[in-house]
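Participant: Just passing along the structure, written as structure tokens.
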Amino acid sequence: MNTKVQVLGRAADILNTLPAADGTPMRLRDLADSVGLHLSTTHRIVTDLVAAGFAQAHVGGRYSLGTRWTRHD
């Protein structure tokens with residue numbers, strides 16, 4: 001599989017697993033386990049999703065969906 005397509009699938013899995021911004025943020029380790037990826041791979045993808053506004057980082061290495069995910073423009 002093309003690595004560019006593979007990372008998009010992995011990012012989609014992560015976004016579908018992250019709780020909504022108003023829910024309880026998820027620990028990175030739990031997220032990695034839920035999507036079946038190595039911790040380092042999950043961290044790299046989540047870092048990119050946070051930078052783009054699709055995920056939000058919280059205190060203690062926890063994550064939720066970002067505000068950009070719900071924006072409709």
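The values are calculated or read from the model by the stated rules, or taken from the named source; none is laboratory data. Computed from a predicted structure; not experimentally measured. Counting neighbours? That spans all protein chains shown, and the Cβs are built from the backbone with ideal geometry, glycine included.
Participant: Only residues in region 1-27 that are under 13 Å from residue 55 (Cβ atoms) count as the first member; pair them with residues that are part of a helix (DSSP H, G or I) and among the small types (Gly, Ala, Ser), Cβ under 7 angstrom, at least 6 apart or cross-chain, and list the lot.
Facilitator: 17/34
Participant: Give region 7-55 a look and list any residue that's among the hydroxyl-bearing types (Ser, Thr, Tyr) and more than 16 Å from residue 67 (Cα to Cα), or say none. Lay out the reasoning, then the answer.
Facilitator: First pass over region 7-55, keeping only residues among the hydroxyl-bearing types (Ser, Thr, Tyr): 17, 24, 34, 40-42, 47.
Correct list: 34, 40, 41, 42.
Participant: Does any residue in region 45-73 that is at positive phi come within less than 7 Å, Cβ to Cβ, of a residue that is at pLDDT 95 or above six or more places away or on a different chain, and which pairs are these?
Facilitator: 61/27; 61/28
Participant: A further question on this structure: Would you mind listing the helices (runs of 4 or more DSSP H) fully within region 23-73 where at least 1 residues are among the small types (Gly, Ala, Ser) and either modelled with pLDDT under 95 or more than 9 Å from the chain's Cα centre (by Cα) (or both)? Before you say what the answer is, go through the steps one by one.
Facilitator: On the way: elements: 28-35, 39-52, 67-70.
Those helices (runs of 4 or more DSSP H) span 28-35, 39-52.
Participant: Within region 27-55, restricting attention to residues that are of a type in the set (A, V, I, L, M) and touching a strand residue (DSSP E or B) at 6+ places or on another chain (Cβ under 6 Å), which residue is surrounded by the fewest Cβ atoms within 10 Å (Cβ to Cβ)?
Facilitator: So the first thing to find is which residues in region 27-55 are of a type in the set (A, V, I, L, M), and the list is 28, 31-32, 35, 37, 39, 45-46, 49-52, 55.
When the remaining residues are screened for being touching a strand residue (DSSP E or B) at 6+ places or on another chain (Cβ under 6 Å), the result is 46, 49-50, 55.
Working: 46: 23, 49: 22, 50: 14, 55: 27.
The residue in question is 50.
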